[in-house]
Amino acid sequence: MNRLTVYILALGVFLTATSELVVSGILHIIAQDLHISIALAGQLITAYSLAFAIGTPILVSLTSRIGRKKVLLGSLVVFLLGCLLSFGSSEISILMASRMMLGVSSGVYLVVAFSAAAKLVPAENLGRAIGTIVLGFSTAMILGVPIGIAITNWMSWHAIFMILCMFSLVIAFVIWRLLPEIEGDAPVSFQQQFKVLGSMIIVSGLFLTFFRESGNSILFTYLTPFITDTFHLNMSSISLIMLVFGTFGAIGSRLGGYGVDRWGASRVITFSMIIQVAALALLPLSSGMTWIGLILIGLIICSMFVGGPAIQSYFIQQAPQSSSLVLSLNTSIIHLGLAAGAGMGGLVINAASTVLYNPWMACLIVSLGLAAASISFSLGKKRRRMNDAPHTTVQ
């Protein structure tokens, strides 16, 4: 039953992640329908990300002691309302408000889903449980966005949000019926919860996330022009290529979850980031060699998703009493890293007048993340040695 409930939580992540990702694929249609510029429509993505990044840690901290089932259902109720507001939106201000509701509710649901999954399974299966939750997000990349575009072409972009509303209502009902009562975090004060942020193990881990996601964003924000310009492929091929890349991501999330349980989170993080750095370094050299370049990109995506469950598991293991707070901060850092990476990638393109060198900048930034990971792991080992050392008492 616990395994089934983890998959149910992952389905909820699929729906909430689809609400985030689908807008970028239909941005031009929304702009045309609301008679606004693409630039203004793009702020819908910004509003979502800011609400996610700022609102999630605050609400997760405030609800940390409440049972996980209640918080999950509460976040889905807000998500449902956000979907209904999006469905009824006829002007940008209403749609912007709905995006903020969807951003904060999706963030809370994601973090609490990680926390609940960790408490539903034995410690030795933590990695696979977290990998299943990550699989919900990667599946949204594979299926959610293309399905959303197809629904828009078939009916309208408004219909996407009504369909998301109906399916999330089903998920909420199933969670209400099947999910057992799961306690919140340990009853420690907010001061003690935030004290964990003074730990260099956690701080360096958050820097790992920031640099890793910034590096990823430098490449992937501009991946379509990189593929078309570097390998001279037409746009009709991009959808199929992205589907294949999404499959690589899904495989990676499963491998990452299995690897955490088998070899430990720190080893999986280190291995996946070394592979990613190496592939990024080689990618610009593959110009003109289409298949080699696409294989390298597939390897980068797979290693990204291998590392995802490992990083989430690592934070849970390092701060078990404040796991929800730390996970929420980590998801905020992810969004900040994505924004920073997109900006850095644009600067590189402006300076070089080409997207060819973005992977090298990404390689440098991800390498900084690997260095931050090494610091965090080293400090973690030192703390374990101190805790394991026999205590002596003065007679």
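The values are calculated or read from the model by the stated rules, or taken from the named source; none is laboratory data. It should be emphasised that the depicted structure is a prediction, and the values quoted were computed from it without experimental measurement. For neighbour counting, all protein chains shown are included, and Cβ atoms are generated from backbone atoms with ideal geometry for every residue, glycine included.
Give the number of residues within region 352-395 that are of a type in the set (Gly, Ala, Ser) and either in contact with a Lys or Arg (Cβ under 8 Å, 6 or more places away or on another chain) or at pLDDT below 85 (or both). Working first, answer last.
From region 352-395, those of a type in the set (Gly, Ala, Ser) are 352-353, 362, 367, 369, 371-374, 376, 378, 380, 389; that's our starting set.
Filter once more, keeping what is either in contact with a Lys or Arg (Cβ under 8 Å, 6 or more places away or on another chain) or at pLDDT below 85 (or both): 352-353, 369, 380, 389.
Qualifying residue count, region 352-395: 5.
If I filter region 347-385 down to residues being within 24 Å of Thr46 (Cα to Cα) and without any contact (Cβ under 8 Å) to a residue 60 or more places away in the chain, which single residue comes out as farthest from the chain's Cα centre (by Cα)?
In this case the residue turns out to be Asn350.
Of all residues in region 79-126, which are closer than 24 Å to Ala31 by Cβ and small (Gly, Ala, Ser)?
Within region 79-126, Gly82, Ser86, Gly88, Ser89, Ser90, Ser93, Ala97, Ser98, Gly103, Ser106 meet the criteria.
Being within 17 Å of Phe248 (Cβ to Cβ), touching a residue at least 40 places away in the same chain (Cβ under 8 Å) and touching a Phe, Trp or Tyr at 6+ places or on another chain (Cβ under 9 Å) is the filter here, so list the residues in region 272-284 that pass it. First the steps, then the outcome.
First pass over region 272-284, keeping only residues within 17 Å of Phe248 (Cβ to Cβ): 272-273, 275-276, 278-280, 282-283.
Remaining after also requiring touching a residue at least 40 places away in the same chain (Cβ under 8 Å): 273, 276, 280, 283.
Across region 272-284, the qualifying residues are Leu280, Leu283.
Just checking, how many residues over region 285-301 are in contact (Cβ under 8 Å) with a residue 12 or more places away in the chain, in a helix (DSSP H, G or I) and surrounded by fewer than 19 Cβ atoms within 10 Å (Cβ to Cβ)?
Here the count works out to 2.
Looking at (1) crowded, with 18+ Cβ neighbours inside 10 Å; (2) part of a helix (DSSP H, G or I), which one does Arg3 not meet, given that it meets all the others?
(1)
Any residue at all in region 108-116 that is at pLDDT below 90, farther than 30 Å from Gly256 by Cα and among the β-branched types (Val, Ile, Thr)?
No: region 108-116 contains no residue that is at pLDDT below 90, farther than 30 Å from Gly256 by Cα and among the β-branched types (Val, Ile, Thr).
Residues Val77, Val71, Val22: which one is farther than 15 Å from Trp157 by Cβ and under 20 Å from the mean Cα position of the chain (by Cα)?
Val71
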